[in-house]
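Q: Got a structure here, written out as structure tokens. Questions coming.
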Amino acid sequence: MENTIDQICTEALREIETAKSKDSLNAISVKYLGRKGIVTQFLRNISKLPTEERPKAGEKANEIKKILEKAFEDTASSLNSQSPEAHDYIDVSLQGRSAFPGSLHPITQITRQICDIFTRMGFDIAEGPEIESDYYNFEALNIPKYHPARDMQDTFYVSDNIVLRTHTSPIQVRVMEKRKPPVKVIAPGKVYRSDSDITHTPMFHQVEGLMVGENISFGNLKGILTNFVHLMFDEKTSLRFRPSFFPFTEPSAEVDILCVMCRGNGCRICSQTGWLEVLGAGMVHPAVFENVGYDTAKITGFAFGMGVERITMLKYGIDDIRKFFENDFRFLRQF
Amino acid sequence: MKVSLSWLKDYVNIEMDVQDLASALTMTGLEVESITNSFDYLDNVVVGRIVEISPHPNAEKLKICRVDTGNSIVQVVCGAPNIVENILAPLALPGTIFPDGSILQKCDIRGQVSEGMLCSERELELGDNKSGVMILSGTPETGTKISSALSLSDFVLEIGLTPNRSDCLSVIGIAREIAAIQKLKVEYPVRQQPDRNKDIQKYTSVRIEAPEHCPRYAAALVTDITVSESPFWLRKRLISIGQRPINNIVDITNFVMMECGQPLHAFDFNLLAENRIVVRTAEKGETFITLDQKERILDPEMLMICDGEKTVAIAGVMGGLNSEIANSTKRVLIESAYFNPLSIRKTSKKLGLSTEASYRFERGIDPLGTVNALVRAALLMTEIGNGKLTGGVIDENPLIHDVVPIELSISETGRLLGIEMDRENIKSCLESIEFDVENTDADTLKVTPPSFRVDITRSVDLMEEAARLYGYNNIPTTMPFIHAETIQPLKTLVLRDKIKNIMTDLSFMEAINYSFINESSCDQLRLLSNDKKRKLLHVLNPINEEQSVMRTSLIPGLLENMRRNLSQQVRNLKLFEIGNVFLSRGQDALPEEVEMAAGLWTGDRYNSVWYAKEIGCDFYDIKGIVEGLISGLNINNIRFTKMPFELCCYTKQGYTAQVTIEGRPIGLVGEIHPEVLRNFNLKQRAFIFELNCNTILDLTNKAKASQPLPKFPFTTRDITVIISKDIEAMSILEKLNSYGEKLIENTQLFDIFEGDPVPPGKKSVSVRIVYGSAEKTLEDNEVNGIHINITNRLLREFNASLSA
Ligand SMILES: [Zn+2]
């Protein structure tokens, strides 16, 4: 019995050595190690041996099986490296077995870009509740009840004194209440206004900024926003500041950028003006500082705010703001 | 605010081209939103030549004209006495909108079609002549637009005024800004003082019973009035800014309001009981019919204008039908008052009624302008309405306008703006808009704003005026010097960003849904009546029913997204969303805002690919995502336990797990309940998870610590046990780990099987146990001993048997 298995081994090794191709090597492998192969049969027959012989025979057969397996493997790899065969290949064009990453919502992507620029300039990020008291959303920002300025924002009310925040400006008040100047924060978040058409959705996203300290000037506001616009769009995008009104800033400004579509020549996007309104800004009104207990004789500061949807639409050429909240797979996967 | 160039030119010389003017106004804070031509309404009116005139078969006074329009001949029925063949006349084509609002249509006049209208001067608002068609002289070509044939052009600027600039709600107000831009002076209309004699007091009186609402009320009386149509120049002014002329008296009040910003009201004096005016607040529940013929319900906070018996106007908002100027009116009492802005705003808001008058009063009119405007209107009524002005005016309770000068520091102005502005610079800016500026000391100016600038109350207001007139774009762009100190980044933000990144790495797409949902979503989700997700916060003024309550779960939004995508034939979908949900604490309290992360997977495990069959995703796919997410957040000890059937609502019973970490529930994962699918009109299975980020945040604060790598090789042993089908397979691993055997490095469940040869009601579970030690290489017999012990314990505790 032992002789037989040794003979089988010698014979097999000789045949492996003479194999010239992978096919012939495979045939030999089947002949010895296949399901009905010689070695396999031998192993099966061990159970028919007398009990005392079984362990030794089994051990021996397993040893030989391992030797042969190694020989097949080695020969196969040397055959591979020596003589690649023309018909031994795979279709490398087929898609790999892989999971593709999903995608962040375009609003998230642009919010991150905006926040990145400002955090690199040294701003911290702050957040606050989306449902606010009338005090934080209006009164503390110098917008008393029944002030005509309340008409500037169509407000969703929950009760007389509770509103869905109409801007992220309440966050600046909350931050200033907690911290002494200097303060430099941006406040991203969802805001709500009762308005719905091709350029307005009842919910949208804003990033507000605030920088307060000694000797912070309107010129500084221009500097920070110019730097921001140049990074967000490009260096060629010029800015224009024009007087406007917000109850919580004075002087107040609307900031227009040169139309990114037509570069100032006038087109449909900019209503032929060559300019796009993208930011509201101004020097923090002393009344707001008084509300948070800052010393208006020493402290000045600026605030600005922008709509993320608006900037995203300009960056990606999206023409209908409602698309952002439909979450159509075919839309989302483009970003 | 609309204003025409020709009207502006009555008060200021304008040499700039209209585009330059518009951009100059925009850059000083009066944003010009559009430039139109006041003759735009003539766009469909062309020069026509009457080719042939024949009698109308059915009407003696009418003629049938064949008119050459330049490119065709049309038939027009005309009754004008002055038409003859070959004259040129303005022909209005169908579609023309006349200044009175009527629209010309092709029509049938006594059995004859009329494809246009030959117009008189009056009909086109080009003059007063209405005796016949307007005969055009010269040789304009037929078919040319009448506006170019007559060189009619008057630009109208539409200005988007910010709420602070009430002084610009008048033509003169805007003329003042233009004057400042051009460094010119405004030429005001001649301001006449009222007669010194007080004859008027013999005929009427004014009593103010609510001075806090009405600090000033002035009135004038004009008698022997002829109410008629206004003259052409007056009509033209009103039409140019889109107002419809009514009659000379009403038109004059509107004209003066537009000119100087003071709203006026004209009462038919004969209709005022006892010929007197009482200014008082309304009684509770009082009703009143306004000029627009609507009945208004009043309250005691509303200010009313009354006569000796009854209410005749809602002060500052709208007059009443009962004292309206009619053609028969002979005597007119003109009201020129200053009402409290807040009072008018409240009334206007409560009534939902905003008028040109209320708009001005609530923003604040010139408190010193009442008498000027009153006299201006009265004199116009004597001129145009042939009236007689009763001597003097009533000026009740004249408000003493506190002229409080404001001190302005030149250095502080420079510090705020970031530019050195010298005294003369600031002075000339402020003086150009009629501010009175005095020098006090080296750094201070004493500035008195004009009475119409009610928005100027503190020095920063003056700085803004100086800055805007100096030009924002002339202020240098500089960078601030700031402290470098910073604070820890917001933990919520860091976690949110991390979750978003992991979820996209796990091939999910981020969705953002509205924070409001339909109230019916709660029922659609099969929420139990005591579910805290039913603590809804209602929006008082929602845009529609679909957006009427704040969401208490992210799932309705994701299901809605799924429905939308399925309808677009996108059936494989992996979406996630992170956002706040809002749990009400009552409508009068701020709600609890909880940040949630939710995901939805529907469709196939793989999109159709060559290497895998199309297999629908299942519970373990979405569970794997949750496990991957939590592991990516570096949180251990996550547990999934069967959600009790009675607690499953929008997920399927038996296919839902509660997720806990260190014993704290953080959310659930499961398959959407078939009934919920039906409620959302979905025809395909969906799997979701919903996790509470606030709780997760509490669990992520642990510092990472490195573990030493094993020095000695591990040994593995497998066991397969047959246990009752009811036993949760993972409880075997939990049990194993609970033994506290120090040498167990790791346990892993690698196979699970039901069916032949495993007996019914049972399942086979195969577990691999990895043994190892930090001190030595373990000997076989040492491991075997432990392994046999453990195996026996398991068999006993789970009432299990070893596999055959
Ligand atoms: Zn453009």
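Derivation of every value follows stated rules applied to the coordinates shown; laboratory data play no part. All values derive from a computational prediction rather than experimental measurement. Cβ sites come from the backbone with ideal geometry, for glycine too, and all protein chains shown count toward neighbours.
Q: Considering the Cα trace of the range B:366-409, what is its radius of gyration and what is Dmax, both in angstroms?
A: 15.8, 54
Q: What percent of all Cα-Cα pairs in the range A:1-79 falls into each 5 Å bin, going from 0 up to the bin containing the maximum distance?
A: The percentages, shortest bin first, are 3, 15, 28, 23, 15, 9, 5, 2, 0.
Q: Got the relative contact order for the range B:335-378 handy, in percent, Cα pairs under 8 Å and 6 or more residues apart?
A: 53
Q: Normalise the Cα radius of gyration of the range B:406-470 by 2.2 N^0.38 Å (N = residues in it) and let me know the number.
A: 0.97
Q: Taking the Cβ-Cβ separation of B:ASP718 and A:ILE90 as r and a Förster radius of 35 Å, what is the calculated FRET efficiency to the nearest 0.05?
A: 0.55
Q: While we're on this one: When the C-alpha atoms of the range B:491-699 are aligned to their principal axes, what extent does each axis show, in angstrom, from largest down?
A: Largest first, the range B:491-699 extends 57, 39, 33 Å along its Cα principal axes.
Q: Another question about this same structure. Taking the Cα centre of chain B as origin, sum charge times position over the Cβ atoms of Lys and Arg (+1) and Asp and Glu (-1), and report the length of that vector in debye to the nearest 20.
A: It comes to approximately 2120 debye.
Q: Here is a further query. Cα atoms only, the range B:715-802: Rg and Dmax in Å?
A: For the range B:715-802, the Cα radius of gyration and maximum Cα-Cα distance read 13.4, 45 Å.
Q: Could you work out how far the C-alpha centroid of the range A:141-215 sits from that of the range B:706-777, in angstrom?
A: Using only Cα atoms, the two centres lie 57 Å from each other.
Q: Find how many whole Å separate the alpha carbon centroid of the range A:39-98 from the alpha carbon centroid of the range B:239-304.
A: One Cα centre to the other: 105 Å.
Q: Please give the helix B:780-797 orientation as an angle from the longest Cα principal axis of chain B, in degrees from 0 to 90, rounded to the nearest 10.
A: 70
Q: Of the cross-linked pairs B:LYS9/B:LYS350; A:LYS184/B:LYS446; B:LYS652/B:LYS725; B:LYS236/B:LYS349; B:LYS106/B:LYS145, which ones have a Cα-Cα span greater than 27 Å in the structure shown?
A: B:LYS9/B:LYS350; A:LYS184/B:LYS446; B:LYS236/B:LYS349
Q: Moving to a separate point now. Can you compute the charge dipole magnitude of the range B:656-804 about its Cα centre, using +1 on each Lys and Arg Cβ and -1 on each Asp and Glu Cβ, nothing else charged? Give it in debye, rounded to the nearest 20.
A: With Lys and Arg at +1 and Asp and Glu at -1, about 220 debye.
Q: Follow-up question, since we're still on this one. Output the antiparallel fraction of DSSP beta bridges having both residues in chain B, as a percent to the nearest 5.
A: Antiparallel: roughly 95 percent of the beta bridges in chain B.
Q: Report, in order of residue number, the helices in chain A meeting two criteria: a C-alpha extent of 20 Å or more along the helix axis, and a mean Kyte-Doolittle hydropathy of at least -0.5; treat each whole DSSP H run as one helix.
A: A:106-120, A:218-232
Q: Right, here's the next one. In debye, nearest 20: dipole of the range B:40-149 around its Cα centre with unit charges on the Cβ of K, R (+) and D, E (-)?
A: 260
Q: Using each residue's phi in the range B:18-35, evaluate 6.51 cos²θ - 1.76 cosθ + 1.60 at θ = phi - 60° and report the 3J(HN,Hα) Karplus result to the nearest Hz, with x for Gly and Pro.
A: 4, 5, 5, 4, 4, 6, 5, 5, 4, 7, 9, x, 10, 6, 7, 8, 7, 10
Q: Grab the other residues whose beta carbon is less than 12 angstrom from that of B:THR281, score K and R as +1, D and E as -1, and report the net.
A: For residues surrounding B:THR281, the net value is -3.
Q: So, one more: What does the helix-only formula give at 222 nm for chain A: each DSSP H stretch with n ≥ 4 adding -39500 (n - 2.57), the total divided by the residues, and the result rounded to the nearest 500 deg cm²/dmol?
A: It comes out at -12000 deg cm²/dmol, rounded to the nearest 500.
Q: What is the range A:106-332's relative contact order, in percent, from Cα pairs under 8 angstrom and six or more apart in sequence?
A: Computed over the range A:106-332, the figure is 21 percent.
Q: While we're here: Take the alpha carbon gyration tensor of the range A:136-287, find the square roots of its eigenvalues, order them as a ≥ b ≥ c, and report rounded if a/c is under 1.5; if not, report prolate when a/b exceeds b/c, else oblate.
A: Oblate shape, in that a/c is at least 1.5 and b/c is the bigger or equal ratio.
Q: Angle check, please: helix B:619-632 long axis (alpha carbons) against the longest principal axis of chain B (alpha carbons), in degrees 0 to 90, nearest 10.
A: 80
Q: Can you give the relative contact order of chain B as a percent, counting alpha carbon pairs under 8 Å and 6+ residues apart?
A: 8
Q: Okay, next question. Amide H neighbours of B:ALA313 under 5 Å, counting only residues 5+ apart in sequence or on other chains, H built in-plane at 1.01 Å?
A: Counting only residues 5 or more places away or on other chains, the set is B:ILE305.
Q: Sum -39500 (n - 2.57) across every DSSP H segment of at least 4 residues in chain B, then divide by the residue count to get the 222 nm mean residue ellipticity, nearest 500.
A: Taken over chain B, the calculation gives -7500 deg cm²/dmol.
Q: Okay, moving on. If chain A were replaced by its equivalent ellipsoid, with semi-axes equal to the square roots of 5 times the Cα gyration tensor eigenvalues, what would those be, largest first, whole Å?
A: Gyration-tensor ellipsoid for chain A: 78, 25, 19 Å.
Q: Related question: In a GNM of chain A with a 10 Å cut-off on Cα contacts, which of A:ARG97, A:ARG242, A:ARG165 has the highest mean-square fluctuation?
A: The residue with the greatest mean-square fluctuation here is A:ARG97.
Q: Please report, largest first and rounded to whole Å, the three semi-axes of the ellipsoid equivalent to the range B:85-229, where each semi-axis is the square root of five times an eigenvalue of the C-alpha gyration tensor.
A: Here the semi-axes work out to 45, 25, 18 Å.
Q: Kindly express, to the nearest 10 degrees and within the range 0 to 90, the angle between helix B:341-351's C-alpha long axis and the longest C-alpha principal axis of chain B.
A: Roughly 70 degrees, rounded to the nearest 10.
Q: Would you mind counting up the charge near B:LYS145? Only other residues with Cβ under 13 Å from its Cβ, with Lys and Arg at +1 and Asp and Glu at -1.
A: -3
Q: Averaging over every viewing direction, what projected area does the convex hull of the Cα atoms of the range B:24-144 cover, in nm²?
A: Computed as one quarter of the Cα hull surface, the answer is 9.5 nm².
Q: If you don't mind, there's one more thing I want to ask. Local charge sum around A:ARG263 (other residues, Cβ-Cβ under 11 Å, Lys/Arg +1, Asp/Glu -1)?
A: 0
Q: Rounded to whole Å and sorted largest first, list the principal axis extents of the Cα atoms in the protein assembly as shown.
A: So the three principal-axis extents are 145, 80, 58 Å.
Q: While we're looking at this one, here's another question. Going from the alpha-carbon gyration tensor of chain B, what semi-axes, largest first and in whole Å, does one get by taking the root of 5 times each eigenvalue?
A: The three semi-axes for chain B are 80, 37, 28 Å.
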